[in-house]
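These notes are about the structure you will find just below.
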Amino acid sequence: MNFKSLWIQYKYRFLLTIGLILLEATILILFPLFIGNAIDGAIHNESSGAIQLGVLGFSLLIVGAGRRMFDSRFYAKVYQNMGIDVIRRLKDKEASIKTARLGMIKELMEFLENSLPEFINNTIGLVGVIAILATLNLNVFYGSLAVSIIIFFIYGLGSKKTIQYNERTNNELERQVDVVSQNLENELSMHLKEMMKWNIKLSDLEVVNFSFSWMVAVAFLVVSIIISVGDGIVQFGALFALVMYVFQYIENIINLPLFYQNLLRLKEIFFRLKRT
């Protein structure tokens, strides 16, 4: 699979969708700040903050809807061309492998269209929120750095197992059509059992990683509120904005490792397609 030629062919379209994703992520970061300003303005009978919040929300709608309409058409075209190229290169291979590779290409396109924007939004959101926390409260900022290190360490411990489980799953997936075509119930039962075995192992690993990460994140949320009040932040709008940013940080830091696991799976798929 020649990914270099695909990049040359679709480079500007891909850069355009990345630019729209970055713009969307920037707008999302501003929401807690605008909400806090709108609350403080409402307390003092001022409507400018609420109007600015409405304009921000409308801007997010325009950018987000436009990007999704563009992406659905763009990645459909890429999937079509990649599929034709892969089947052409696999003309001497079994139908089972060809079918599995087409499914892998579709999974790659779904990641680029749906998960990549969320991954970029989470990454930018995480960096942006941490930077904003540094301006609001240094103690909460230091706490967010510590929590980030702990959570990435938790997921890093299981990365090798994640790659192994995905490799075994894809091996079984490439046998699927051949197994089904044999019309042997025992073979089909063994194949499905193997597929589910590796899926269960992946799911269990994700549950363990998420559980430990969530406990760390919730503890940080509680401590950050106590720290903020102790440091003298008593104005409702300012405290609300800080808590909102902490909660947004938790949402980003919890979701980001899940994208990392998805990237590990796509890395294994990418390696298979590259060998095609």
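The values are calculated or read from the model by the stated rules, or taken from the named source; none is laboratory data. Just so it is clear, the structure is predicted and the values come from calculations on it, not from any experiment. Please note: Cβ atoms are built from the backbone with ideal geometry, for glycine as well, and neighbour counts cover all protein chains shown. The area values use the complete protein model at the heavy-atom level, side chains included, leaving out ligands, DNA and RNA. Shrake-Rupley method; radii C 1.70, N 1.55, O 1.52, S 1.80 Å.
A compact table of results
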quantity	calculated
Relative contact order (%) - the chain, alpha-carbon pairs under 8 angstrom, separation at least six	28 percent
Calculated on alpha-carbon atoms, Rg and Dmax of the chain in Å	23.2, 75
Fully extended contour minus Cα-Cα distance, from Leu184 to Glu94, at 0.36 nm per residue	30.6 nm
Within the accessible area of the chain (1.4 Å probe), percent carbon and sulfur	66 percent
The chain: angle of helix 185-230 to the longest principal axis, Cα-based, in degrees nearest 10	10 degrees
Using a Förster distance of 22 Å, the FRET efficiency for Ala134-Ile62 (Cβ separation, nearest 0.05)	0.10
Computed E for Ser115/Asn45 - FRET, C-beta separation, R0 41 angstrom, nearest 0.05	0.40
Rounded accessible area per residue of the chain, 1.4 Å, Å²	56 Å²
Cα long-axis angle, helix 48-89 against the chain (0 to 90 degrees, to the nearest 10)	10 degrees
Computed label-point distance, nm, for sites Phe212 and Ile150 using a 7 Å Cα→Cβ extension	1.2 nm
Loop-resident sites, segment 123-230, for GluC sites (Glu not before Pro), counting at most 13 other Cβ within 10 Å (DSSP)	none
Hz values of 3J(HN,Hα) by residue in segment 255-267 - Karplus curve (6.51, -1.76, 1.60), Gly and Pro given as x	6, 4, x, 5, 5, 4, 5, 5, 5, 5, 5, 5, 4
Those lysines that a straight Cα-Cα span of less than 27 Å connects to Lys201, excepting residues fewer than 8 apart in one chain	Lys98, Lys106, Lys160, Lys161, Lys193, Lys267, Lys274
Rounded tilt (10° steps) of 159-173 against the dominant C-alpha axis of the chain	40 degrees
Theoretical ellipticity at 222 nm over the chain - DSSP helices of four or more residues, -39500 (n - 2.57) apiece, nearest 500	-32000 deg cm²/dmol
